[in-house]
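Have a look at the structure below, then the notes.
Rule-based calculations on the coordinates, nothing more; no lab input. Model, not experiment: these values are computed from the prediction. For neighbour counting, all protein chains shown are included, and Cβ atoms are generated from backbone atoms with ideal geometry for every residue, glycine included.
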There are 2 protein chains.
Amino acid sequence: MSDTANPAEKPAEKIVTACIVVIGNEVLSGRTRDANIGFLAGELGKLGVRTMECRVIPDIEARIVETVNEVRRKFDYVFTTGGIGPTHDDITADCIAMAFGVGISENAEAVDRMTRYYGEAALFTPARRRMSRIPHGGILVDNPVSVAPGFQMENVFTFAGIPRIVEGMFGAMKHRLVGGAPMISRTVRTNQPEGLIAEQLGALQGRYADIDIGSYPGFRNGHPSVQLVMRGTDDARLAAASAELQAFLKAMGGEAEEFVQ
Amino acid sequence: MSDTANPAEKPAEKIVTACIVVIGNEVLSGRTRDANIGFLAGELGKLGVRTMECRVIPDIEARIVETVNEVRRKFDYVFTTGGIGPTHDDITADCIAMAFGVGISENAEAVDRMTRYYGEAALFTPARRRMSRIPHGGILVDNPVSVAPGFQMENVFTFAGIPRIVEGMFGAMKHRLVGGAPMISRTVRTNQPEGLIAEQLGALQGRYADIDIGSYPGFRNGHPSVQLVMRGTDDARLAAASAELQAFLKAMGGEAEEFVQ
């Protein structure tokens, strides 16, 4: 059944990876704060797909093509957001076609959906009709908000940029993704500063190599506050690490409040 | 005075570019929403430095080293955020030293500042002392919030991850940056859907090649709303483009509300 040397050993879980590519000058100018990375990374994690990198790039053809071609070979899944609307700055679909070396033209199913949605011909303008152009070989991704579809080319999913539409498109296609074991996490918040807990925390990480322990300092009601996040795929291990962590925080007189996420 | 063929022509303005590298598993897990990209990109724009790319990468040594080495050669300035605290997952300073092929050790000035800040030796723990380790050749970046400094290696600036500290560090070092002409923008909001204005908008972009016109659809009080953003370095040109834009939106019976940013 297994070709590993020792079939009694649990085979290493395949880690399924993703890269999110945000296409848009408005994020790079600081004008718009991206909301899609947080949403997609969180949802992918639930499906056992780990987001290993995100990039924000401008609406420049060469940059989009080269970025997509680089990351689609490095990661199991790629999600792009932005640039598939009806205006002159919407160049993502053409760039994806270029990246895959295929043509692009109106997709009959997309035209059909949009014709039904817009009804009268006067509203289905040439600009809107451009949104039915799909790279050849692309599989449509439904848009439950405003109909004009996204699409999948091999392992690359191309979504709109509006967060509400990204959420709808992701919901419509997520059954196509094959993830590994879902990542789960436990978080312990403490009022103890990092500088006083770092040594014991490092030792805890040493004892739990299968768990990723992150320390995120910040402020809470104006006072320093640290969130210690344990992430992994086995909740029993997370619970054990969390218990040890809480014990040492309390032993030093600190707060230790656990959240299960 | 000029070595261009036609000295009467205005020489092309040098475009000064930046890349922001966010280092942190917490953003990739979707747990934390990054706030540093928006802040830095906005501030850099005011100084005439254009953010051309952002990357979010995990706390993995090889990924940090290879990303920093790639982007520091491609962009005029690089800013990293995250991973310079006292805990085991804070590996950024070591990775920057590795990327530049230099050693890293306690910096006397950093130790001095932190000794004064923490006062008694019991509070200046070995973990906190780790934060005084600076790659050799690094120039300190002041930290007006919690003292432990960031640093500059050639064109790479390494900041903490906490937004309040990033803001403080940026304020403390921004005089070191040499930018081009500041980017300025005018925004016109309309209730006209993109699909009905796309054609005229594309023609306007064609007449104003020196301006970047972006169209950002969204929702406002539940109704579709589009922000049309004109960005460039010459406000007279922005004003002219904005006037034409407002005129055609009003001619089609639409709203046209201008914001100067």
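Take B:PHE259, push a point 7 Å out from Cα through the beta-carbon direction, and compare it with the same point in every other copy: 2.9 nm, smallest first.
Would you look at the GNM of chain B, springs on alpha carbons closer than 10 Å, and say which of B:GLY214, B:GLY48, B:GLY195 moves the most? Of the options given, B:GLY195 has the highest mean-square fluctuation. Computed from the Kirkwood radius of its Cα pairs, the Stokes-Einstein diffusion coefficient for the protein assembly as shown at 25 °C and 0.890 mPa s stands at 98 µm²/s.
What is the magnitude of the charge dipole of the protein assembly as shown about its Cα centre, with +1 placed on the Cβ of each Lys and Arg, -1 on the Cβ of each Asp and Glu, and no other charges, expressed in debye to the nearest 20?
The dipole of the protein assembly as shown has a size of about 460 debye.
Net length available on complete extension from B:ALA209 to B:PHE248 is 12.2 nm, with 0.36 nm assigned per residue and the Cα-Cα distance removed. For chain B, modelled as a GNM whose springs connect Cα atoms under 10 angstrom apart, the maximal fluctuation among B:ARG113, B:ARG164, B:ARG31 occurs at B:ARG31. Each Lys and Arg adds +1 at its Cβ and each Asp and Glu adds -1 at its Cβ; summed about the Cα centre, segment A:26-165 shows a dipole of about 240 debye. Relative contact order, whole percent, for chain B stands at 17, derived from Cα pairs under 8 Å and 6 or more residues apart. For chain A, the longest principal axis of the alpha carbon atoms and the long axis of helix A:194-207 meet at an angle near 90°. Most tightly packed first, judged by the mean number of other beta-carbon atoms within 10 Å of their residues, the peptides B:228-234, A:220-226 read B:228-234, A:220-226. Simple rule: put +1 on each Lys or Arg Cβ and -1 on each Asp or Glu Cβ in the protein assembly as shown, find the dipole, and look at A:HIS175, B:ASN107, A:ASN191; the Cα lying farthest toward the positive end is A:ASN191.
Across segment B:184-260, the fraction of Cα-Cα pairs farther apart than 14 Å, rounded to a whole number, is 56%. Distance from the C-alpha centroid of segment B:155-193 to that of segment B:204-259: 23 Å, rounded to the whole angstrom. Electrostatic tally near B:LEU201: other residues with Cβ closer than 10 Å to its Cβ, Lys and Arg +1, Asp and Glu -1, net -3.
In the protein assembly as shown, helices alone account for a calculated mean residue ellipticity at 222 nm of -11000 deg cm²/dmol, with every DSSP H run of four or more residues adding -39,500 (n - 2.57).
Please give the charge dipole size of segment A:182-261, origin at the Cα centre, charges +1 on K and R Cβ atoms and -1 on D and E Cβ atoms. Round to the nearest 20 debye.
100
Springs join every pair of Cα atoms under 10 Å in this Gaussian network model of chain B, and among B:ILE64, B:ILE211, B:ILE84 the largest mean-square fluctuation is at B:ILE211. Gain on full extension, evaluated as 0.36 nm per residue between B:ARG63 and B:ALA172 minus their Cα-Cα distance, stands at 36.4 nm.
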